[in-house]
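The values are calculated or read from the model by the stated rules, or taken from the named source; none is laboratory data. Since we're looking at a predicted model, the values are computed, not measured. Cβ: placed from backbone, ideal geometry, glycine included. Neighbour counts: every protein chain shown.
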Amino acid sequence: MDTTEAAGEVLFSEPGARWRAVAYGPLICLLLLAAELAAGVTPHWFALLFCAVLISGFAVLQVYAARTHVSVELTDGFLRNGAETTPVRSIAAVLPVDADEPWEDGRALGELTGVPRRRTAIGLRRTDGELIRTWAKDHRALRSALNQVVTAPGTDRDSEPGTGRDD
């Protein structure tokens, strides 16, 4: 990501996944080791260590992939969904949920084929008329931040009908 893009104030951010998830597998293995020691049986050192490393390795891959492909960030200059960055100036309107336009069929932002699981889509109309979908877990907060940025004072979009205000 360019440093010029990152210069704006972050208005909304979702990391996609947290690195603390990598520690869950080793913690469970540590609890199993404690249970074996408390029960007085011979600990399965190799198996527990092997499982802790294996689970951590898979978790690192998952967290890295989620942070790359499922993270969302909105600043006053750009909207980033996964690895795709869209300039805010190219967004004409944030569409309401009950919009007459069929934005649900629009292309989902990011390099994924659709909206990721456990994320909710938000319809956007670009300045060229294309209908697209952004997405987030906390879609209400993203919609609110998008409405602030897209209908910010000083833009010529304020007079445009359907600028995406909810109800």
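A quick yes/no check of all residues on (1) more than 20 Å from the chain's Cα centre (by Cα); (2) on the phi < 0 side of the Ramachandran plot; (3) at pLDDT 95 or above:
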{"site": "Asp98", "(1), (2), (3)": "yes, yes, no"}
{"site": "Leu109", "(1), (2), (3)": "no, yes, no"}
{"site": "Arg117", "(1), (2), (3)": "no, yes, no"}
{"site": "Thr151", "(1), (2), (3)": "yes, yes, no"}
{"site": "Glu160", "(1), (2), (3)": "yes, yes, no"}
{"site": "Asp167", "(1), (2), (3)": "yes, no, no"}
Identity of the residue in the range 31-59, buried (at least 16 other Cβ atoms within 10 Å of the Cβ), among the aliphatic types (A, V, I, L, M) and in contact with a Gly (Cβ under 9 Å, 6 or more places away or on another chain), that ends up farthest from Trp19 (Cα to Cα): Ala52
Every residue from the range 56-114 that is aromatic (Phe, Trp, Tyr) and over 16 Å from His139 (Cα atoms): Phe58, Tyr64, Phe78
Selection from the range 66-100 of residues that are surrounded by fewer than 19 Cβ atoms within 10 Å (Cβ to Cβ), touching a residue at least 40 places away in the same chain (Cβ under 8 Å), of a type in the set (Gly, Ala, Ser) and touching a strand residue (DSSP E or B) at 6+ places or on another chain (Cβ under 9 Å): Ser71, Gly77, Ala99
Working carefully through the options Glu84, Glu14, Glu36, Glu9, find the one that is farther than 30 Å from Leu146 by Cα and among the charged types (D, E, K, R). Glu36
Residues that are among the hydrophobic types (A, V, I, L, M, F, W, C), touching a Pro at 6+ places or on another chain (Cβ under 8 Å) and closer than 15 Å to Ile28 by Cα, drawn from the range 54-75: Ile55
With the first residue restricted to the range 36-53 and required to be assigned by TED's automatic domain parsing to the domain that holds Pro26, and the second required to be loosely packed, with under 10 Cβ neighbours inside 10 Å, Cβ contacts under 8 Å at 6 or more apart or on different chains are Glu36/Thr42
